[in-house]
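Encoded as structure tokens, the structure appears first; notes follow it.
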Amino acid sequence: MVRGLSLAVAAAAFALLISFLSFLNEVVTPPRLPTAPVDAIVVFSGEPHRIRASTDLLKGGFGRRLLIVGQDNGDEIETMRVRNRSLFDCCVERDSRSKNTTEDALLARNWILKTRSQSLILVTSASHMPRARMKLRRLLPEVPITPYGVIDGFLDVKSMFHDPEAGPAFLTQYVKFLAASIPGNLQVLDKDSGRKSSQFTSKLENLILIFGAVSALVVAAISFSNSGPRRRPHKQANYDDML
């Protein structure tokens, strides 16, 4: 039974390893911009690098309008507005009502439908891109989404080898990506139930993150206990030996 459990754990670990490598490959793949301008650019706020990158894309003519979603980077947005006032006045909108990635995707979906945009560039950090794009793609299955991942410095893949905080941060993004991959997650959301559903989804991702951490500790404990020196079974004493 122990051997069967060990094989099952090994198979699950191998599958997770392949999935994690695929996740990393998407994170480190350089963005490829479309040859023709898209209808819209959407940026999920988080680090100031995202706001600068999305503004540069709009200035470069890669998109016709820009939506900034989220509560973060108010100072950076205002700085960009002062520097590019005419651009912001004509082509930039901001919606700061969202508190997490799920709500970011919901607000972006509503804006895309309202503006009748047929194509878009999604801007966020590279490590956040797989999960953000998955959520938005489920809400807009008919709209082509071009990912534009921004390296924010802290979550650069290379930093995993010399920054003790980068590894756990990458793992956190990966586990949340796995949670977002659950079939049916975020597929049925409307304007009225969107916020409640997004809060449930966010809590679900955090619960899976905690469950994954606890499961890893349990598996490690089992592996450690099984790897120790095996004791010889004691020979059962019989009546003759006691005489």
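Coordinate-derived values only; no laboratory data. As the structure is a computational prediction, the values presented were derived from the model and not from experiment. When we count neighbours, we look across all protein chains shown, and the Cβ atoms used for this are built from the backbone with ideal geometry, even at glycine.
Taking the Cβ-Cβ separation of Val9 and Glu142 as r and a Förster radius of 30 Å, what is the calculated FRET efficiency to the nearest 0.05?
In this case the efficiency is close to 0.15.
Taking amide H as placed 1.01 Å from N in the peptide plane, His128 has no amide H partner under 5 Å among residues 5 or more places away or on another chain. Amide H to amide H distances under 5 Å link Val92 with Leu66, where only residues 5 or more positions off or on other chains count and H is placed in the peptide plane. Counted residue by residue at 0.36 nm each, then reduced by the alpha carbon distance between them, the extension gain from Ser96 to Asn84 reaches 2.3 nm. Look at where the Cα atoms of segment 84-147 and of segment 13-40 average out, and the two centres are 17 Å apart.
Distance between the modelled labels on Glu26 and Thr115, one decimal in nanometres: 2.4 nm (7 Å Cα→Cβ projection).
Normalised by the number of residues in segment 113-154, what is the relative contact order in percent for Cα pairs under 8 Å and 6+ residues apart?
52 percent
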